[in-house]
Each structure stands twice: as structure tokens, then as C-alpha cells.
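The values are calculated or read from the model by the stated rules, or taken from the named source; none is laboratory data. Remember, predicted model here, so these are calculated numbers, not experimental data. So basically every Cβ, Gly included, is an ideal-geometry build from the backbone, and we count neighbours across all protein chains shown. Surface accessibility is based on the protein's heavy atoms, side chains included, excluding ligands, DNA and RNA. Shrake-Rupley method; radii C 1.70, N 1.55, O 1.52, S 1.80 Å.
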Amino acid sequence: MQDPTDRTGPDEPAVPTSLPKTAAETSPENPWPLQLLSRNLKSYIDRAPATWVEGQIIELNKRANASYITLRDVDAEISLSLTVWSAVMNRLELPLERGARVVAQVKPDFWVKTGRLSMQTKDIRPVGVGDLLARIERLRQSLAAEGLFREDRKLPLPLLPGRIGLITGRNSDAMKDVMQNAALRWPAVAFEVREVAVQGVNAVAEVTRALAQLDAMPEVDVIVIARGGGSLEDLLPFSHEDLIRAVSAAGTPVVSAIGHEADRPLLDEVADLRASTPTDAAKRIVPDVGEELQRIGAARAQLRRIVELTVGRETERLNHIRSRPVMAAPQTIVDVRAQDVSRLRERALSCMTAEVRRDTDRISHLRAQVRALSPQNTLDRGYAVVQLDDGAVVREAASVPEAAPLRIRVAVGELAATAGAPATAPSVEKTGA
């Protein structure tokens with residue numbers, strides 16, 4: 001029995017050996033027959049190995065012996081038609097449905113007679129939730145090992161953002177929740193909205209592009225990525241590696257508001273803040289104006305109490321200081337010091353007077369001593385001093401020549417005289433006893 005995948009006839013005509021051996025050697029004068037090209041293509045394609053691919057079923061047509069499936073890439077607008085024989089489909093526990101995510105082992109096959117290329121499916125398996133979770137967990141561990149989820153990489157949110165970037169679905173409830181709740185809390189809030197696909201093959205590219213646009217705007221202080229929940233398959237774009245790395249590289253704080261409390265895509269791990277819902281995101285990115293006014297009022301009241309308490313305390317201190325005697329009669333301290341100065345002056349004068357008196361008495365005593373020993377005092381007692389004409393004092397009469405002029409100084413005044421012959425000293429007889 002012939003293999004159904006064999007599209008070459010059993011009785012193909014022989015190809016002349018004079019033809020070019022390769023396609024590059026063909027020319028208008030020496031072309032290949034069409035059958036040779038087809039046979040070469042089939043030979044080349046048959047050598048291609050079977051390949052496992054992943055995608056989402058967007059079309060499914062069942063026939064008697066085969067099913068024809070259109071498989072689309074999960075991240076790009078690229079589709080591929082598959083042919084699945086009944087023997088392969090019968091091995092599945094549950095029938096396939098449109099929208100299902102599958103992995104298939106495909107091998108290209110070329111039909112020589114019609115020149116048609118088809119993808120023969122050797123095996124096909126649905127991707128279950130467990131498989132998706134396992135893939136996400138492996139990616140989570142890989143990115144965590146790189147440090148993309150570290151807390152020290154997360155940026156703080158501004159206290160009051162001037163403009164909020166919002167990335168959300170087109171006319172979605174999540175967009176309304178964020179904008180309405182934020183406006184209720186802070187009426188002056190402003191948004192820069194980017195409506196994108198939040199599920200499907202275009203979601204990753206559009207969200208990443210919108211993130212780059214908002215991150216490049218200096219007036220945007222924080223970016224919110226919001227979606228109103230969904231199944232695991234719907235939220236897969238928010239666990240895509242490209243989006244996670246784009247959020248990690250953003251210079252503007254990013255808030256993740258995907259789904260509900262139980263939904264935890266990888267975007268929640270890398271975002272600077274995770275909000276459980278879009279409404280929760282609105283509450284956490286802007287303060288409540290009422291609460292802020294209450295806080296301002298409480299702060300002003302506290303400041304008023306502190307100022308009043310401080311002024312009262314200082315007033316009491318001033319009153320206490322003013323009640324002191326020195327403040328009641330400031331001249332008292334001057335009077336006391338003046339009395340001290342007078343007393344000290346009197347003591348100084350008394351000490352100086354006593355000292356002067358003592359010195360005066362001592363000087364008088366010394367004067368009396370000097371006078372008692374002075375030649376004048378001797379003269380006053382009747383003695384005289386005889387001097388030669390040159391002022392020399394005569395001490396011996398024999399030393400004065402006869403007729404020498406003399407000056408005789410008495411207690412008051414002087415006398416002039418002339419020396420005479422010296423007198424003979426009387427002799428003294430000595431008698432025996």
C-alpha cells in the first residue's frame with residue numbers, strides 16, 4: 001500500500017542526463033523540466049526533520065480522514081496550516097477546540113503533481129494549565145536569578161504625580177475604574193492614556209511600545225498597566241519575557257494592576273508596585289484629597305497648640321524674670337555697687353593715709369638722727385670749725401703755719417682770723433706716791 005504522504009507517481013518519466021545538474025546552471029536555452037524542479041524540491045523537503053511547534057488554534061475543519069487546522073503564533077501575526085490525519089486525532093483524550101493552545105510535531109511535505117506544500121502533523125498535544133504554569137515558573141526563577149525582582153531595584157512612587165500614564169484595553173472597565181477612582185480621590189489628577197490590546201498575539205508588542213512612549217515623556221511621573229482579570233491564557237502576555245525586561249528597564253515607576261488578588265503574572269514581580277485590582281491602583285497612586293485636608297488641619301492644629309504652649313511658657317518665664325527685685329528696681333544693683341565703690345575708696349584712702357603717716361614719722365625720726373649727727377648740731381652747741389683758706393679743716397694746731405689766714409665757722413656765720421705762734425702745752429709733774 002502506498003504511503004499517503006507520498007505525492008510522487010510510481011511511473012515517473014526518466015530525466016535526460018544532459019540537463020544541468022544544479023539550478024544555478026540552468027538558462028533560457030537549457031532549462032529544467034518542471035518535473036525535475038518538483039522532484040528536487042521534494043527530495044530537499046523530505047530531508048527536513050520533524051519539528052515541535054507551539055501555537056493557538058484559530059481554525060479547525062474536520063473531514064472524514066483528516067482535520068485541517070490553522071495554527072497561529074502566540075506572539076506574532078503568523079499562521080500555518082496543518083494537516084492532521086484521523087489516526088493522530090484519535091489518540092487525543094479530549095477533542096481539540098478553537099482557541100486551544102497546542103504543541104504539534106510537524107514535518108513539511110511537498111506534493112509533486114500539484115506543487116503544493118503541506119505540514120503533516122505527526123503528533124499534537126494540548127498545552128494544559130499545568131504546562132503553562134511550569135513554563136512561567138521556570139521563567140520566574142531565571143529572571144529572579146538575574147536580579148530583576150530585587151526590592152532595591154524598585155523605584156518609589158511620587159507622593160502626588162503630576163501626570164499618570166495609563167496602559168489598558170480599549171474602552172475597558174479597568175481604564176474607567178482607574179480614572180474614576182483616581183479623580184474621586186484627587187480631582188486635579190491628569191492622565192496620559194494608551195489603549196492597547198491586553199490579550200492575544202499583539203498584546204506584548206503593543207503594551208511594550210506604549211510603555212516605551214510613556215517612559216520617554218518627562219511629564220509622566222508614574223505608569224499604570226491595568227487589565228480587568230481573565231483566565232491564565234488571557235494573562236499570558238503579562239508574563240512574557242520581553243515585557244518583563246521592558247518594565248525592568250523603565251526609568252519611570254510602574255504599577256501593575258492586572259486582574260484580581262489571585263492573579264499573579266510575572267509583571268507583578270518586576271513592577272515597582274503591585275496593586276491587587278485597577279481600583280486598588282487608583283487608591284495607591286494618588287492621595288485622597290479629603291484625608292490630606294484632614295491631615296493638614298490636624299497638623300495646623302498641632303502647630304497652633306505647640307506655638308500657644310511655647311508662647312505661654314515663655315510669657316511665664318518673662319513674668320518671673322520681671323518679678324525679681326533686680327528687674328523691679330534696676331537701680332538697686334547700681335546703688336549697691338556704688339556703696340561698694342565708696343567703701344573701697346574709703347578703705348584705700350585710710351590705708352594710704354596710715355601708710356603716709358608711718359612714713360612721715362619714719363622720715364622725722366631719720367631726720368632727727370641725721371641732725372643729731374650733723375656738724376651743724378655740733379656748732380649749735382657752741383663749737384666751731386677752723387678751716388684754712390682752701391677749705392681744709394684744721395685738726396692740729398701744729399699743722400697751721402704762723403700768720404696763716406683762717407676761717408672760723410660757728411653756728412651762725414664765719415669769722416676771719418690769722419694763726420699765731422702755737423702755744424706750749426703745759427707740763428705735768430709726776431710725783432711719787
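Things worth noting here:
- Residue-by-residue Karplus 3J(HN,Hα) for region 94-103, coefficients 6.51, -1.76, 1.60, Hz, glycine and proline x: 10, x, 6, 9, 4, x, 6, 9, 9, 10
- Within the chain: Cβ-based charge dipole about Cα centre, in debye rounded to nearest 20 (Lys, Arg +1; Asp, Glu -1): 1560 debye
- Coupling constants for region 44-59 follow from the phi torsions by the Karplus curve (6.51 cos²θ - 1.76 cosθ + 1.60, θ = phi - 60°), and in residue order they are 5, 5, 5, 7, 5, x, 5, 10, 8, 10, 10, x, 10, 6, 10, 9 Hz; glycine and proline get x.
- Net length gained if the chain between A392 and T332 were fully extended (0.36 nm per residue, minus Cα distance): 14.0 nm
- Additional length obtainable on full extension of the chain from N171 to Y68, 0.36 nm per residue less Cα span: 33.5 nm
- Heavy-atom accessible surface of region 48-185: percent carbon and sulfur, 1.4 Å: 52 percent
- Phi angles of region 210-219 translate, via the Karplus equation with coefficients 6.51, -1.76, 1.60 and θ = phi - 60°, into HN-Hα couplings of 5, 4, 5, 5, 5, 5, 7, 8, x, 6 Hz per residue; Gly and Pro are given as x.
- Projecting label points 7 angstrom from Cα along Cα→Cβ for S79 and L232 puts them 2.7 nm apart.
- Helix 129-146 and the longest principal axis of the Cα set of the chain meet at an angle near 30°.
- Rounded accessible area per residue of the chain, 1.4 Å, Å²: 65 Å²
- In Å, descending, principal axis extents of the Cα set of region 282-338: 79, 15, 9
- Spin-label model distance (nm) - L155 vs R343, 7 Å beyond Cα toward Cβ: 8.0 nm
- In the structure shown, the pairs K62/K107; K42/K107; K154/K176 are assessed against 18 Å; a Cα-Cα span above that value is assigned to K62/K107; K154/K176.
- Principal-axis tilt of helix 331-373 within the chain, Cα atoms, nearest 10 degrees: 40 degrees
- Near the amide H of V220, within less than 5 Å, lie no amide hydrogens of residues on another chain or at least 5 residues away, with H placed in the peptide plane.
- Using alpha-carbon coordinates, inclination of helix 173-185 to the longest axis of the chain, degrees: 20 degrees
- Gyration tensor analysis over the Cα atoms of region 94-204 returns equivalent ellipsoid semi-axes of 44, 22, 14 Å (largest first, whole Å).
- Using the rule -39500 (n - 2.57) for each DSSP H run of four or more residues, divided by the residues of the chain, the 222 nm mean residue ellipticity is -12500 deg cm²/dmol.
- When the solvent-accessible area of region 202-246 is split by element, carbon and sulfur atoms take up 51 percent of it, the probe being 1.4 Å.
- Applying both filters, DSSP loop and at most 11 other Cβ atoms within 10 Å, to the trypsin sites (Lys or Arg not before Pro) of region 152-189 gives R170.
- Apportionment of accessible area to carbon and sulfur, region 259-365, percent (1.4 Å): 58 percent
- Computed from the Kirkwood radius of its Cα pairs, the Stokes-Einstein diffusion coefficient for region 24-115 at 4 °C and 1.567 mPa s stands at 83 µm²/s.
- Å³ per residue enclosed by the Cα convex hull of region 269-382: 265 Å³
- Largest GNM mean-square fluctuation among P126, P108, P95, using the chain with Cα springs under 10 Å: P95.
- Percent breakdown of C-alpha pair distances by 5 Å bin, ordered from the shortest bin, for region 192-330: 2, 9, 14, 15, 12, 6, 5, 5, 5, 4, 4, 4, 4, 4, 3, 2, 2, 1, 0
- Of the residues G382, S239, V255, the one whose Cα sits farthest toward the positive end of the charge dipole of the chain, with +1 on the Cβ of Lys and Arg and -1 on the Cβ of Asp and Glu, is G382.
- Protein-only accessible surface at a 1.4 angstrom probe places the residues F238, F149 in the order F149, F238, largest first.
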